[in-house]
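*Asks:* I have a structure here, written as structure tokens, and I will follow up with some questions on it.
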Number of protein chains: 2
Amino acid sequence: MSPSSPGPTLIPIASPSLEVLKQRRQRLSDVFTDPVLLWSGNASARNFPANVYPFRANSHFLYFVGYPLQNAVVYLEGGRLTLYMDNPSAASALWHGPEPEREAIAHHIGASAAFPLADLPLRAQDAATVLAQDGPTQQHQGSVLGRSVVAAPQAEGLDRELAIAISQIRLCHDAAGLEEMRHAAAVTVKAHQAGMRATPTASHESDVRAAMERVILAQNMTTAYSSIVTVQGEVLHNNHYHHRLSPGDLLLADVGAETASGWAADITRTWPVSGTFSPSQRSLYAIVLAAHDACIAEIKPGVEYREIHLLAAQIMAEGLVDLGILRGNPMDLVEQDAHALFFPHGVGHLLGLDVHDMEDLGDMAGYAPGRQRSDRFGLSYLRLDRPLQPNMVVTIEPGFYQVPGILQNPDWRSRYQTLVNWDRLAEFADVRGIRIEDDVRVTETGHEVLTAALPTAIADIEALMNG
Amino acid sequence: MSPSSPGPTLIPIASPSLEVLKQRRQRLSDVFTDPVLLWSGNASARNFPANVYPFRANSHFLYFVGYPLQNAVVYLEGGRLTLYMDNPSAASALWHGPEPEREAIAHHIGASAAFPLADLPLRAQDAATVLAQDGPTQQHQGSVLGRSVVAAPQAEGLDRELAIAISQIRLCHDAAGLEEMRHAAAVTVKAHQAGMRATPTASHESDVRAAMERVILAQNMTTAYSSIVTVQGEVLHNNHYHHRLSPGDLLLADVGAETASGWAADITRTWPVSGTFSPSQRSLYAIVLAAHDACIAEIKPGVEYREIHLLAAQIMAEGLVDLGILRGNPMDLVEQDAHALFFPHGVGHLLGLDVHDMEDLGDMAGYAPGRQRSDRFGLSYLRLDRPLQPNMVVTIEPGFYQVPGILQNPDWRSRYQTLVNWDRLAEFADVRGIRIEDDVRVTETGHEVLTAALPTAIADIEALMNG
């Protein structure tokens with residue numbers, strides 16, 4: 001590099017404009033007037049200190065700073081941002097190449113000033129913060145602030161007020177955030193298409209997972225969460241990929257990309273290993289798809305998300321009665337949570353920088369003030385209970401599962417003994433789990449399905465696999 | 001599941017037999033008679049607590065237990081192992097499927113007894129341990145042992161003696177460990193072949209990385225470390241993949257698979273984006289390959305690894321003199337560390353359960369007792385300084401790089417001003433970085449290259465890319 005060179009710059013990624021970032025910072029100062037410190041966090045050691053997991057910056061930091069800086073802290077007050085970060089060491093240039101100096105980074109992110117980390121305690125007094133994810137950063141937070149910092153759901157005082165303020169700001173996305181989510185959605189659609197096409201010649205779940213994640217890696221993105229690609233769809237958080245594929249299996253794939261600046265997509269599809277749904281698979285898939293479509297059709301501002309969930313339950317119950325698996329009046333069945341034997345989770349959640357957006361804040365973001373989780377079997381796992389607002393993005397993901405831990409549970413079995421036709425259910429043994437999940441933006445008057453490019457209809461999926 | 005079912009079992013992975021595990025435990029008790037506690041560790045949060053990085057168990061735990069249990073502790077004494085681990089919760093079955101009980105796991109890993117974690121403090125007094133990687137587990141270690149546990153390089157007393165004992169045991173691999181490493185090597189070879197084949201139609205580094213990691217994921221393995229796939233090979237730890245490929249570029253790929261039970265491979269190849277090396281690339285590649293081949297040829301028991309490193313330096317210096325890039329007598333140039341301008345790192349390191357095996361113990365494993373790092377520019381990054389022993393596995397990875405941070409550094413530039421023909425060097429501007437790395441087992445009389453199936457010769461690589 002010549003002496004007149006302007007110096008190294010940050011790795012280019014798609015990130016919000018300075019104007020957008022300044023708007024976000026201003027919105028924060030409009031609702032929270034005390035000073036705020038946000039830590040980006042540090043890479044976590046994998047098996048020895050120098051071998052780390054790929055670094056993922058804290059989501060609140062990413063929202064207001066726009067760039068995944070490592071081991072950086074920002075001080076926000078009155079819409080102005082000050083960066084605290086150390087310059088790269090001389091030795092670092094050998095191992096990591098030329099890296100930008102603090103001043104160059106400050107310029108890039110629109111900071112009004114920049115100082116080394118050692119100066120941070122001078123400014124830290126009385127600042128509010130949100131707990132970081134990794135241990136060393138949590139320790140740094142405690143030592144800089146001179147007090148213990150706890151997870152947001154347990155926080156009190158200013159930290160609690162800050163968490164509430166941030167949850168309000170991040171609840172509805174600006175155009176820059178939505179653009180990132182559209183990008184994540186587009187790549188995720190391609191990953192699912194690749195997974196469907198790879199299945200007929202795949203031998204194991206891992207082959208399909210690899211074909212899907214290849215698409216995401218090729219776009220220089222990462223997965224937003226550990227992929228689920230399994231013939232045991234009834235295991236809801238299944239991160240194993242060792243099963244051999246059999247022609248009669250359904251494969252459930254819940255895989256989403258995350259952009260370089262941290263925005264997530266979250267799509268689930270379920271397809272037959274053979275390329276053709278069996279009659280029993282077809283019947284149950286049609287019920288889940290009906291619930292999926294009906295829920296999306298209802299999405300618009302003002303609608304209670306809890307009602308969307310109950311609509312999914314209602315349609316599932318109706319379908320299962322029509323198929324002869326449940327007995328009785330669908331509305332009564334839902335009131336008794338009989339649908340939850342087969343659909344035990346919530347119909348979806350907020351989506352944004354986190355796949356369960358702002359879940360580090362507990363239910364502050366997901367639940368409207370004054371509301372809390374139900375203890376009803378059919379509602380306790382609902383992650384979102386708010387009226388919908390324009391530019392919220394939610395997932396819609398009804399499912400049907402035969403979970404042994406539920407269906408073989410003696411208590412539930414006796415409670416629902418007469419409401420389930422167990423002999424009829426046995427005819428659907430080749431359906432372990434079906435889920436259909438899309439990402440839906442609430443518009444001013446209705447909704448927009450960000451992931452609509454990926455088919456859900458049986459005929460379209462079969463055509464994609466066999467075409 | 002029927003009531004008479006034996007209950008869920010662990011996910012099947014290739015892992016050592018109980019006989020092998022008992023031998024390893026017995027060897028430990030032969031050299032370290034005090035009781036030992038080893039923690040497996042916990043998954044680390046990514047952006048919120050429930051969204052974690054893929055769990056990787058502690059390597060010392062894996063060596064003696066053979067299975068990547070999460071949040072487990074083992075007590076080792078006199079060759080006997082006691083498992084401390086909690087049973088899965090009832091709710092866990094819904095989200096994670098049926099999981100084995102503690103007793104079933106104890107049987108699987110050959111434990112003589114098993115207790116819940118709450119019983120651990122009763123047995124913990126006076127036990128030695130090794131610091132875990134993740135924060136919550138480190139806190140658990142401190143609270144269970146009632147004392148602070150520090151990283152092995154800083155440890156004193158029993159913890160230090162334990163680290164030395166483990167480093168001796170893990171230094172030379174048993175047949176079961178070698179079998180795992182052969183498996184990792186075979187998959188890594190296939191990943192590199194896929195990378196070479198994908199390059200001619202790839203547009204960015206990320207496309208090649210994705211093609212390589214797909215092979216590893218499809219085998220249900222993970223990467224042993226963050227892949228390096230870059231046209232900026234002079235950045236030694238380059239984990240970015242955003243550059244567009246140009247026909248004149250060399251692509252350096254340092255990618256290795258890790259088996260399910262934790263054993264690593266570590267291969268680097270450098271190939272031309274176009275499929276054909278340029279004359280300047282060919283000349284420098286030939287020098288690195290000559291060093292690579294000469295070093296491997298020397299590997300046998302009793303040889304000092306430091307001498308292997310110096311041999312690489314010597315051959316690099318000779319080659320660079322022949323090419324007209326360095327001036328002078330090669331032996332003198334090495335004594336002045338002039339080779340290190342272009343080959344600034346060590347020729348390799350130990351390989352095993354960690355890609356830099358046992359690096360969490362500092363230099364305890366890599367350096368023979370009484371030896372320590374040199375402060376010489378050409379030796380300070382050498383990670384291994386021991387006489388070779390049968391069944392050690394080491395990497396051999398000489399390289400040539402044009403690192404601006406070194407070559408533009410005014411101090412070094414003046415120190416080596418007359419020893420480098422800078423005009424001649426400028427003719428090799430299309431070589432930013434070349435490294436050729438293989439994994440080599442020391443045999444009773446010589447060596448075995450575990451990664452020999454992947455070609456190193458220019459003609460073979462060009463044939464693979466264009467075939």
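The values are calculated or read from the model by the stated rules, or taken from the named source; none is laboratory data. Every value quoted in this text rests on a predicted model; they were computed, and no experiment measured them. Here Cβ is always computed from backbone atoms with ideal geometry, including for glycine, and neighbour counts include all displayed protein chains.
*Asks:* Filter the stretch A:255-272 down to residues that are under 13 Å from A:I434 (Cα atoms) and either within 13 Å of chain B (Cβ to nearest Cβ) or over 21 Å from the mean Cα position of the chain (by Cα) (or both) and give me whichever is surrounded by the fewest Cβ atoms within 10 Å (Cβ to Cβ).
*Replies:* A:P272
*Asks:* Here are some conditions: (1) assigned to a loop (DSSP other than H, G, I, E, B); (2) more than 13 Å from every other protein chain (Cβ to nearest Cβ); (3) in contact (Cβ under 8 Å) with a residue 40 or more places away in the chain. A:G370 meets all but one. Which one does it not meet?
*Replies:* (3)
*Asks:* Further, regarding this structure: Which one of the conditions (1) buried (at least 20 other Cβ atoms within 10 Å of the Cβ); (2) more than 23 Å from A:S143 (Cβ to Cβ); (3) touching an Asp or Glu at 6+ places or on another chain (Cβ under 7 Å) does A:Y63 fail to meet, given that it meets all the rest?
*Replies:* The one condition A:Y63 does not meet is (3).
*Asks:* For the stretch A:331-343, state whether one or more residues are assigned to a loop (DSSP other than H, G, I, E, B) and in contact with a helix residue (DSSP H, G or I) (Cβ under 8 Å, 6 or more places away or on another chain).
*Replies:* Our first condition is that a residue be assigned to a loop (DSSP other than H, G, I, E, B); within the stretch A:331-343, this holds for A:336-337, A:342-343.
Now narrow it down to the ones that are in contact with a helix residue (DSSP H, G or I) (Cβ under 8 Å, 6 or more places away or on another chain): A:342-343.
Yes, the conditions are met somewhere in the stretch A:331-343.
*Asks:* A follow-up question, please. Only one residue in A:I434, A:I458 is more than 20 Å from A:V347 (Cα to Cα) and among the β-branched types (V, I, T). Which one?
*Replies:* Values: A:I434 fails: more than 20 Å from A:V347 (Cα to Cα).
It is A:I458.
*Asks:* Still on this structure: Could you say whether any residue in the stretch A:240-249 is surrounded by fewer than 21 Cβ atoms within 10 Å (Cβ to Cβ), away from chain B (no Cβ under 11 Å) and in a helix (DSSP H, G or I)?
*Replies:* The answer is no; no qualifying residue exists.
*Asks:* Looking at B:V394 and the list (1) assigned to a loop (DSSP other than H, G, I, E, B); (2) of a type in the set (A, V, I, L, M, F, W, C); (3) in contact with a helix residue (DSSP H, G or I) (Cβ under 7 Å, 6 or more places away or on another chain), which single condition is not satisfied?
*Replies:* (1)
*Asks:* Would you say B:N42 is in contact (Cβ under 8 Å) with a residue 24 or more places away in the chain, closer than 18 Å to A:N239 by Cβ and within 14 Å of chain A (Cβ to nearest Cβ)? Walk me through it before giving the result.
*Replies:* Details: in contact (Cβ under 8 Å) with a residue 24 or more places away in the chain: yes; closer than 18 Å to A:N239 by Cβ: yes; within 14 Å of chain A (Cβ to nearest Cβ): yes.
In short, yes.
*Asks:* Related question: Just checking, which of A:P410, A:P387 is over 24 Å from A:Q232 (Cβ atoms) and surrounded by fewer than 18 Cβ atoms within 10 Å (Cβ to Cβ)? It would help to see each step written out before you state the result.
*Replies:* Numbers: A:P410 fails: over 24 Å from A:Q232 (Cβ atoms).
Going through A:P410, A:P387 in turn, the sole match is A:P387.
*Asks:* Cβ-Cβ below 8 Å, separation at least six or inter-chain, first residue in the stretch A:406-419 and in contact (Cβ under 8 Å) with a residue 40 or more places away in the chain, second polar (S, T, N, Q) and surrounded by 15 or more Cβ atoms within 10 Å (Cβ to Cβ): which pairs?
*Replies:* Pairs found: A:Y416/A:Q336; A:L419/A:Q336.
*Asks:* State which residue is nearest to the other protein chains (Cβ to nearest Cβ) when the search covers only the stretch B:95-107 and only residues that are among the small types (G, A, S) and in a helix (DSSP H, G or I). Working first, answer last.
*Replies:* The first filter runs over the stretch B:95-107 and keeps only residues among the small types (G, A, S), leaving B:97, B:104, B:106.
From what is left, the residues that are in a helix (DSSP H, G or I) are B:104, B:106.
On the way: B:A104: 17, B:A106: 21 Å.
If we take residues in the stretch B:95-107 being among the small types (G, A, S) and in a helix (DSSP H, G or I), then B:A104 is nearest to the other protein chains (Cβ to nearest Cβ).
*Asks:* Can you name the number of the only condition in (1) surrounded by fewer than 20 Cβ atoms within 10 Å (Cβ to Cβ); (2) touching a residue at least 40 places away in the same chain (Cβ under 8 Å) that A:R147 fails?
*Replies:* Of (1) surrounded by fewer than 20 Cβ atoms within 10 Å (Cβ to Cβ); (2) touching a residue at least 40 places away in the same chain (Cβ under 8 Å), only one is false for A:R147: (2).
Listed here are the residues, each with its yes/no results for (1) buried (at least 21 other Cβ atoms within 10 Å of the Cβ); (2) more than 9 Å from every other protein chain (Cβ to nearest Cβ).
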{"residue": "A:Q139", "(1), (2)": "no, no"}
{"residue": "A:R160", "(1), (2)": "no, yes"}
{"residue": "A:I169", "(1), (2)": "no, yes"}
{"residue": "A:A198", "(1), (2)": "no, yes"}
{"residue": "A:D207", "(1), (2)": "yes, no"}
{"residue": "A:I216", "(1), (2)": "yes, no"}
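*Asks:* Could you check the stretch B:332-363 and list, in sequence order, the residues that are among the hydrophobic types (A, V, I, L, M, F, W, C), farther than 21 Å from B:M181 by Cβ and under 22 Å from the mean Cα position of the chain (by Cα)? Steps first, please.
*Replies:* Our first condition is that a residue be among the hydrophobic types (A, V, I, L, M, F, W, C); within the stretch B:332-363, this holds for B:333-334, B:338, B:340-343, B:347, B:350-351, B:353, B:355, B:358, B:361.
If we keep only those that are farther than 21 Å from B:M181 by Cβ as well, we get B:333-334, B:338, B:340-343.
The answer is B:F343, and nothing else.
*Asks:* Please work out which one of (1) surrounded by fewer than 20 Cβ atoms within 10 Å (Cβ to Cβ); (2) under 15 Å from B:L10 (Cα atoms); (3) at pLDDT 95 or above is the condition B:P88 fails and give its number.
*Replies:* In the conditions (1) surrounded by fewer than 20 Cβ atoms within 10 Å (Cβ to Cβ); (2) under 15 Å from B:L10 (Cα atoms); (3) at pLDDT 95 or above, B:P88 misses (3) alone.
*Asks:* Just one of the numbered conditions (1) surrounded by fewer than 24 Cβ atoms within 10 Å (Cβ to Cβ); (2) small (G, A, S); (3) at pLDDT 95 or above is not true of B:S380; which one?
*Replies:* Every condition holds for B:S380 apart from (3).
*Asks:* Of everything in the stretch B:123-132 that's modelled with pLDDT of 95 or more and touching a Pro at 6+ places or on another chain (Cβ under 9 Å), which residue is nearest to the other protein chains (Cβ to nearest Cβ)? Even if it seems obvious, please write down each step before you answer.
*Replies:* Of the residues in the stretch B:123-132, the ones modelled with pLDDT of 95 or more are B:127-132.
Retained after the next criterion (residues that are touching a Pro at 6+ places or on another chain (Cβ under 9 Å)): B:127-128.
Details: B:A127: 22, B:A128: 19 Å.
By that ranking, first place goes to B:A128.
*Asks:* Oh, and also: Can you name every residue in the stretch A:6-36 that is farther than 30 Å from A:P98 by Cα and among the polar types (S, T, N, Q)?
*Replies:* A:Q23, A:Q26, A:S29, A:T33 - these are the residues of the stretch A:6-36 that are farther than 30 Å from A:P98 by Cα and among the polar types (S, T, N, Q).
*Asks:* With the condition kept exactly as written, say whether any residue in the stretch B:289-296 is touching a strand residue (DSSP E or B) at 6+ places or on another chain (Cβ under 8 Å), hydrophobic (A, V, I, L, M, F, W, C), in a helix (DSSP H, G or I) and farther than 13 Å from B:I458 by Cα. Write out each step before concluding.
*Replies:* First, pick out the residues of the stretch B:289-296 that are touching a strand residue (DSSP E or B) at 6+ places or on another chain (Cβ under 8 Å): B:292, B:295-296.
The next check asks that each one be hydrophobic (A, V, I, L, M, F, W, C); those that pass are B:295-296.
Still in the list and also in a helix (DSSP H, G or I): B:295-296.
When the remaining residues are screened for being farther than 13 Å from B:I458 by Cα, the result is B:295-296.
Checking the stretch B:289-296: at least one residue is touching a strand residue (DSSP E or B) at 6+ places or on another chain (Cβ under 8 Å), hydrophobic (A, V, I, L, M, F, W, C), in a helix (DSSP H, G or I) and farther than 13 Å from B:I458 by Cα.
*Asks:* Confirm whether A:S89 is of a type outside the set (D, E, K, R) and within 14 Å of chain B (Cβ to nearest Cβ).
*Replies:* Working: of a type outside the set (D, E, K, R): yes; within 14 Å of chain B (Cβ to nearest Cβ): yes.
Here the answer is yes, as A:S89 does meet what is asked.
*Asks:* Looking only at the stretch A:424-440, decide whether some residue is free of Cβ contacts under 8 Å to residues at least 12 places away in the same chain and not in a loop (DSSP other than H, G, I, E, B).
*Replies:* yes
*Asks:* Would you confirm whether any residue within the stretch A:399-418 is at pLDDT 95 or above, within 16 Å of A:I308 (Cα to Cα), under 18 Å from the mean Cα position of the chain (by Cα) and not in a strand (DSSP E or B)?
*Replies:* No, the stretch A:399-418 has no match at all.
*Asks:* Can you find, within the stretch A:237-288, the residue that is farthest from A:V321 (Cα to Cα) among those that are touching a helix residue (DSSP H, G or I) at 6+ places or on another chain (Cβ under 7 Å) and charged (D, E, K, R)?
*Replies:* Out of the qualifying residues, it is A:E258.
*Asks:* Within the stretch B:225-239, how many residues turn out to be in contact (Cβ under 8 Å) with a residue 24 or more places away in the chain, within 8 Å of chain A (Cβ to nearest Cβ) and in contact with a strand residue (DSSP E or B) (Cβ under 6 Å, 6 or more places away or on another chain)? Don't jump to the end; show me each part of the working.
*Replies:* Start the filter on the stretch B:225-239 by keeping residues that are in contact (Cβ under 8 Å) with a residue 24 or more places away in the chain, which leaves B:225, B:227-236.
Still in the running and within 8 Å of chain A (Cβ to nearest Cβ): B:225, B:232, B:234-236.
Remaining after also requiring in contact with a strand residue (DSSP E or B) (Cβ under 6 Å, 6 or more places away or on another chain): B:225, B:234.
Number satisfying all stated conditions: 2.
*Asks:* If you don't mind, another one. Spot the failing condition for B:R327; the list is (1) buried (at least 20 other Cβ atoms within 10 Å of the Cβ); (2) in contact with a Leu (Cβ under 7 Å, 6 or more places away or on another chain); (3) farther than 19 Å from B:Q389 by Cα, and only one is missed.
*Replies:* All conditions are met except number (1).
*Asks:* While we're looking at this one, here's another question. In the list B:V36, B:V31, which residue meets the criterion of being closer than 24 Å to B:L145 by Cβ, more than 23 Å from the chain's Cα centre (by Cα) and surrounded by fewer than 17 Cβ atoms within 10 Å (Cβ to Cβ)?
*Replies:* Numbers: B:V36 fails: surrounded by fewer than 17 Cβ atoms within 10 Å (Cβ to Cβ).
Just one listed residue meets the conditions, B:V31.
*Asks:* Quick check on B:A365: is it in a helix (DSSP H, G or I), within 14 Å of chain A (Cβ to nearest Cβ), modelled with pLDDT of 95 or more and over 22 Å from B:A452 (Cα atoms)? I'd like the intermediate steps shown before the answer.
*Replies:* Values: in a helix (DSSP H, G or I): no; within 14 Å of chain A (Cβ to nearest Cβ): yes; modelled with pLDDT of 95 or more: yes; over 22 Å from B:A452 (Cα atoms): yes.
The answer is no for B:A365.
*Asks:* Would you tally the residues in the stretch B:441-467 being assigned to a strand (DSSP E or B) and among the charged types (D, E, K, R)? Please lay out each step first, then the result.
*Replies:* Initially, the stretch B:441-467 is screened for residues assigned to a strand (DSSP E or B), giving B:441-442, B:447-449.
After this cut, where a residue has to be among the charged types (D, E, K, R) as well, the list is B:441, B:448.
Residues that pass the stated criteria total 2.
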